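Step one of this worksheet: look at the structure below.
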Amino acid sequence: MARIRILHLYSQVLDLYGDYRNVDAICQRIKESGLEVEVDRPELWDDLVLDGYDLVYVGHGKAANLAEAARALVPHADDVRAHIDAGQVFFVTGNAQELFGTSLTTKDNDELPGVGLFPYRGVEKNEVYVTDMVATPVFNATEVFYGFVNRTAYLQGPNPYPLFHNVRGPGEGLESKGVEGVLYKNFFSTWAMGPALIRNPFLMREVLSRMLGSSYRDDLDFSLEERAHKLVVDEMRRDR
């Protein structure tokens with residue numbers, strides 16, 4: 001039986017609002033596909049090995065924790081960029097996407113280098129910004145994404161690879177209006193925190209299909225998630 005491997009990076013310091021449940025949900029769907037799955041959870045002090053993983057997952061965390069994650073990750077920047085350019089699947093939420101830009105600022109206004117894959121920089125504002133988010137994914141204009149954002153930073157600079165268009169929420173104001181997140185090859189990122197993949201079954205399907213390739217099954221039952229998604233999206237549309 002094929003075994004799928006997931007790397008949940010820095011899971012102790014970068015995890016808020018039940019973000020880890022995305023990994024639990026992915027594992028469940030992999031098992032329903034008749035495959036085995038294992039999850040490794042290296043922390044800041046562990047060696048970083050990306051080879052052999054079908055998914056690298058990075059959640060969001062407090063600004064101080066993110067700074068420590070940057071100090072641990074950036075020495076491996078060349079390897080991280082090479083794996084992403086080679087098509088390894090990444091899913092990154094919240095402020096963790098700051099790690100992959102040119103730099104990020106700490107809560108004390110110190111500037112740290114990022115992985116340097118994207119031309120934006122993360123800027124810490126020490127001001128809480130909370131909003132719901134609704135958007136259209138670039139890979140399927142018929143779908144509607146929704147999520148929740150609670151952040152203290154923003155991304156400054158160009159975003160040549162947006163994941164979402166027609167954004168209402170975090171794409172307005174601090175970022176370029178109307179776009180949010182990143183989709184570069186198989187790298188996904190978004191400000192939406194918590195169980196974004198559970199809330200948006202079409203996004204779960206997209207990530208699974210890229211992870212599993214020919215082993216992906218399109219007959220998995222997402223009916224409950226799809227019903228919940230429709231109820232929330234319809235309510236948001238009524239409240240506009």
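State whether the chain is rounded, prolate or oblate according to the following rule on the C-alpha gyration tensor (a ≥ b ≥ c being the square roots of its eigenvalues): a/c under 1.5 gives rounded; otherwise a/b larger than b/c gives prolate, and the remaining case gives oblate. Note, shape of the chain comes out oblate.
Kindly identify region 139-227 as rounded, prolate or oblate by the Cα gyration tensor criterion: order the square roots of the eigenvalues as a ≥ b ≥ c, call it rounded if a/c is under 1.5, otherwise compare a/b with b/c, prolate if a/b is larger, else oblate. The shape class here is prolate. Extension gain for the segment residue 156 to residue 108, taken as residue separation times 0.36 nm less the Cα-Cα distance, is 15.5 nm to one decimal.
Summing charges over neighbours of residue 147, with a neighbour being any other residue whose Cβ is under 10 Å away from its Cβ, gives -1 when K and R count +1 and D and E count -1. For region 113-195, trypsin sites (Lys or Arg not before Pro) are listed when DSSP marks them as loop and at most 12 other Cβ atoms sit within 10 Å of their Cβ; the list is 177. Each residue of region 208-219 was assigned a 3J(HN,Hα) from its phi angle through the Karplus expression (A = 6.51, B = -1.76, C = 1.60, θ = phi - 60°), giving 4, 5, 6, 5, 8, x, 5, 7, 5, 10, 9, 9 Hz with x at Gly and Pro. Model label sites at residue 21 and residue 48, defined 7 Å from Cα along the beta-carbon direction, differ in position by 2.9 nm.
A crude spin-label estimate for the pair residue 168 and residue 81, with each label 7 Å from Cα along the Cβ direction, gives 3.9 nm. Entry note, the chain: the mean residue ellipticity at 222 nm calculated from DSSP H runs of n ≥ 4, each adding -39500 (n - 2.57), is -8000 deg cm²/dmol after division by the residues and rounding to the nearest 500.
Here, each number is a calculation from the coordinates, and none is a lab measurement. Just so it is clear, the model here is predicted, and its values are computed rather than measured. Backbone-built Cβ (ideal geometry, glycine too); neighbour counts: all protein chains shown.
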